[in-house]
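Just below is one structure, and these are the notes that go with it.
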Amino acid sequence: MTSLALKGQCASPGFSAGIVVAAGKRPAPQRAIEKGGKGDPAAEALALTAAINRAVIELRRLVESASGEAADMLGFQIAMLDDEELTQPARDEIAAGKTAVEAWTRAMDAEIAGYEGSDEEYFQARANDLVDMRERVLDALIGAASTSLPPGSIVLADDITPSRFLSSNWEGGAILLRRGSATSHVAMLARSRGVPMIVGLQADDIAGRNVLIDATQGLVIVDPSSTDATRFEQQCAASRARDMATAGFLGQPAVSRNGERIITLINIADPSELDGLDPACCDGIGLVRTELLFEGATLPSEDAQTDIYTRIVRWAAGKPVTFRTLDAGGDKPIAGLTPLGESNPFLGMRGVRLTLSRPDIFLPQLRALARAAAAGDVEIMIPMVTLPSELEATRALLHQACAELGAAQIAHRLPALGIMVEVPAAALTLGTFDAAFLSIGSNDLTQYVMAAGRDIAAVAALADPGHEAVLRLIGMISAHGERSGIKVSLCGDAGGDERFIPQLLARGVRILSMPPRLLAAAKQVIATVNLESAS
Ligand code: PEP
Ligand code: MG
């Protein structure tokens, strides 16, 4: 048999090998209905209640080990399953003579169709949760194993839900998606847990086939030959050896070859990324993306936000934590919040433009951040800033938040307020901003300087943070910081990318923020750079 090479895009790097399991179409409703058997309505109603209870117990178990947006999403499903309004149509069908399986399938299909057909993006986005709930209860009804996959599975699906991801043990496994996106929540979760994941894979039915996966290259070899297998083994061995050599750097401070200390911070999007991570491995948190918190079924309350932010601040144990206010829009649309139908969402109501238009959302977030600041060293930064007036309007709201908290005698502190430098107009007029600090968002800065969308594969080569135009601007921002004494960091993906770190250091950047998994490799690269020869 000749091997077949399939190509997709890397959403989370790493290697895996084994037999592919198909997922995502379980159980086919018709098959489930056939397997459901027939019984009297009382027994069917009891079976449905028991299955819903089992699904709720499974979800509660998952909530215990989840946090942030994932916990929110699971909480939404529990609340829905507890709600008689959702389950009553299925009970009515049972009373009319249907089996529990048929009744539940029909009732949920109707509900899902309603959500999918809604004009509101918020409800459309919830349809996937309902599919998840339908399948979890069906599994319980037809006696299928729980919705979790066997540990270490290599799963092929069109897409998978975060709850499905969280229900499974991925140790040794991988995720292959025909659709999906590298910026989805599942992709973010996969990256933070080190699960190899490929999206946009052109694969029909490779279930049951043997594969070798190099997710870093977005490559899947189906039915590998012995030559493929030998090459793959060599690549894995080389990668393991590199990882071992790199791991030794994690607990060390980052120091350049000529002895200059470089500050290395981490980026997180969910507090669960801090689980098992020792704060000693970094100098603080340079970017807390807060978008995931806002993607649950309901907007997070000020108290819920305060709890999460405070947990993060306590983890940092006195080290600085920089929270970014909500950056909805562009590559991070939030159903119900970001406008529909913008011709170019990256140039529209995004980041601070959106939050300033929604003080009902912005003010509670600023209040929650000021409250969390009572527990440690908190800084607030605003995304997508173009004009000084946006910084000043945010400052006014932050002062209002603190005044309100003071009047109500709620513990808080006024955090330092800085800006992300990711819009070229801001980068070129920094002297007009009264910001406490600057953080370079190299992902957006690159796309806006190069006029190349960060999510458009066809122009990926143009969206290059190593292009002289981008690096020159980064050098200008660093020089401004040096002249004015304003702290400058860089928190875009380039900050953790071995290819770009030497160039960023050469342009004067001395504070880099990156995903925790990249810290060790970044410190290893920093140790090879001689900054004396760069200046
Ligand atoms: C950036 O643009 O570089 C950045 C850090 O923010 P995000 O990737 O979340 O837009
Ligand atoms: Mg950005």
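Criterion first (of a type in the set (Lys, Arg), within 20 Å of SER513 (Cβ to Cβ) and surrounded by fewer than 14 Cβ atoms within 10 Å (Cβ to Cβ)) does ARG261 satisfy it? Yes, satisfied. Looking at the stretch 449-535, the helices (runs of 4 or more DSSP H) lying wholly inside it that each contain 2 or more residues that are closer than 22 Å to ASN267 by Cβ sit at 468-484, 501-506, 519-526. Only one entry of ALA469, ALA396, ALA401 meets the criterion of being away from ligand 1 (no atom under 13 Å from the Cβ), free of Cβ contacts under 8 Å to residues at least 12 places away in the same chain, open to solvent by less than 70 Å² (accessible area, probe 1.4 Å) and out of contact with any Ser or Thr (no Cβ under 7 Å at 6 or more places or on another chain), and that entry is ALA396. Among the residues making up the stretch 209-230, those that are among the polar types (S, T, N, Q) and either farther than 11 Å from VAL20 by Cα or not assigned by TED's automatic domain parsing to the domain that holds GLY194 (or both) are THR216, GLN217, SER225, SER226, THR227, THR230. Counting only strands (runs of 3 or more DSSP E) wholly contained in the stretch 182-243, the ones carrying 1 or more residues that are open to solvent by 20 Å² or more (accessible area, probe 1.4 Å) occupy 210-214, 219-222.
If I filter the stretch 238-266 down to residues being of a type in the set (A, V, I, L, M, F, W, C) and out of contact with any helix residue (DSSP H, G or I) (no Cβ under 9 Å at 6 or more places or on another chain), which single residue comes out as farthest from THR216 (Cα to Cα)?
Kept after step one, since they are of a type in the set (A, V, I, L, M, F, W, C), are these residues of the stretch 238-266: 238, 241, 244-245, 247, 249-250, 254-255, 262-263, 265-266.
Next cut, out of contact with any helix residue (DSSP H, G or I) (no Cβ under 9 Å at 6 or more places or on another chain) only: 238, 241, 244, 263.
Working: ALA238: 14, ALA241: 16, MET244: 18, ILE263: 27 Å.
Result: ILE263.
Going residue by residue through the stretch 271-278, is there one that turns out to be of a type in the set (A, V, I, L, M, F, W, C), buried (at least 19 other Cβ atoms within 10 Å of the Cβ) and within 16 Å of PRO515 (Cα to Cα)? Scanning the stretch 271-278, I find at least one residue that is of a type in the set (A, V, I, L, M, F, W, C), buried (at least 19 other Cβ atoms within 10 Å of the Cβ) and within 16 Å of PRO515 (Cα to Cα), so the answer is yes.
Residues in the stretch 330-356 that are open to solvent by 60 Å² or more (accessible area, probe 1.4 Å) and either among the small types (Gly, Ala, Ser) or part of a helix (DSSP H, G or I) (or both): GLY341, SER343, LEU347, ARG353.
Could we say that ALA368 is surrounded by fewer than 18 Cβ atoms within 10 Å (Cβ to Cβ) and part of a helix (DSSP H, G or I) here? Spelling it out, it is not the case that ALA368 is surrounded by fewer than 18 Cβ atoms within 10 Å (Cβ to Cβ) and part of a helix (DSSP H, G or I). Of the residues making up the stretch 371-390, those that are part of a helix (DSSP H, G or I) and either among the charged types (D, E, K, R) or farther than 25 Å from LYS319 by Cβ (or both) are ARG371, PRO388, SER389, GLU390.
Consider the stretch 404-420 and keep the residues that are of a type in the set (A, V, I, L, M, F, W, C) and part of a helix (DSSP H, G or I). The one that is nearest to ligand 1 (Cβ to nearest atom) is LEU405. Of everything in the stretch 160-181 that is outside any loop (DSSP other than H, G, I, E, B) and modelled with pLDDT under 90, the residue that is farthest from the chain's Cα centre (by Cα) is ARG164. The set of residues from the stretch 352-376 being of a type outside the set (A, V, I, L, M) and in contact (Cβ under 8 Å) with a residue 60 or more places away in the chain comprises PRO364, GLN365, ARG367, ARG371, GLY376.
Being within 25 Å of ASP493 (Cα to Cα) and either at pLDDT 75 or above or open to solvent by 10 Å² or more (accessible area, probe 1.4 Å) (or both): is that true of ALA127 here? So ALA127 does not fit the description; no. Within the stretch 422-459, if we keep just the residues that are more than 13 Å from ligand 2 (Cβ to nearest atom) and closer than 13 Å to MET381 by Cβ, the residue that is surrounded by the most Cβ atoms within 10 Å (Cβ to Cβ) turns out to be LEU438. Using the structure shown, decide if GLY286 is in the same structural domain as ALA452 (by TED's automatic domain parsing), touching a Phe, Trp or Tyr at 6+ places or on another chain (Cβ under 6 Å) and within 12 Å of ligand 1 (Cβ to nearest atom). No, not satisfied. Among the residues making up the stretch 258-303, those that are within 20 Å of PHE362 (Cα to Cα), more than 16 Å from ligand 2 (Cβ to nearest atom) and among the small types (Gly, Ala, Ser) are GLY296, ALA297, SER301. For the structure I just gave you, tell me whether GLY348 is without any contact (Cβ under 8 Å) to a residue 12 or more places away in the chain, more than 19 Å from HIS399 (Cα to Cα) and among the small types (Gly, Ala, Ser). So GLY348 does not fit the description; no. Of all residues in the stretch 335-370 being β-branched (Val, Ile, Thr) and within 15 Å of ligand 2 (Cβ to nearest atom), which is farthest from ALA403 (Cα to Cα)? Ranking the candidates gives THR338 first. Only one of the numbered conditions (1) within 16 Å of ligand 1 (Cβ to nearest atom); (2) at pLDDT 95 or above is not met by LEU366, and that is (1). Residue by residue through the stretch 12-50, note down the ones that are modelled with pLDDT of 80 or more and closer than 22 Å to PHE76 by Cα. Of everything in the stretch 12-50, those that are modelled with pLDDT of 80 or more and closer than 22 Å to PHE76 by Cα turn out to be LEU48, THR49.
Picking from residues in the stretch 281-309 that are among the β-branched types (Val, Ile, Thr) and open to solvent by 20 Å² or more (accessible area, probe 1.4 Å), the one that is modelled with the lowest pLDDT is THR298. Evaluate the stretch 210-219: report whether one residue or more is modelled with pLDDT of 95 or more, of a type outside the set (Val, Ile, Thr) and touching a helix residue (DSSP H, G or I) at 6+ places or on another chain (Cβ under 6 Å). Yes, the stretch 210-219 has at least one match.
Pairs meeting the criteria (first residue in the stretch 437-460 and closer than 20 Å to VAL321 by Cα and within 9 Å of ligand 1 (Cβ to nearest atom), second residue among the small types (Gly, Ala, Ser) and not in a helix (DSSP H, G or I), beta carbons under 6 Å, at least 6 apart or on different chains) are SER439/SER489; GLY441/GLY492; SER442/GLY492.
The values are calculated or read from the model by the stated rules, or taken from the named source; none is laboratory data. Please read these numbers as outputs of a predicted model, since none were measured by experiment. Don't worry about glycine lacking a Cβ; one is built from the backbone with ideal geometry, like all the others, and counts go over all protein chains shown. Heavy atoms of the whole protein, side chains included, go into the accessibility calculation; ligands, DNA and RNA do not. Shrake-Rupley method; radii C 1.70, N 1.55, O 1.52, S 1.80 Å.
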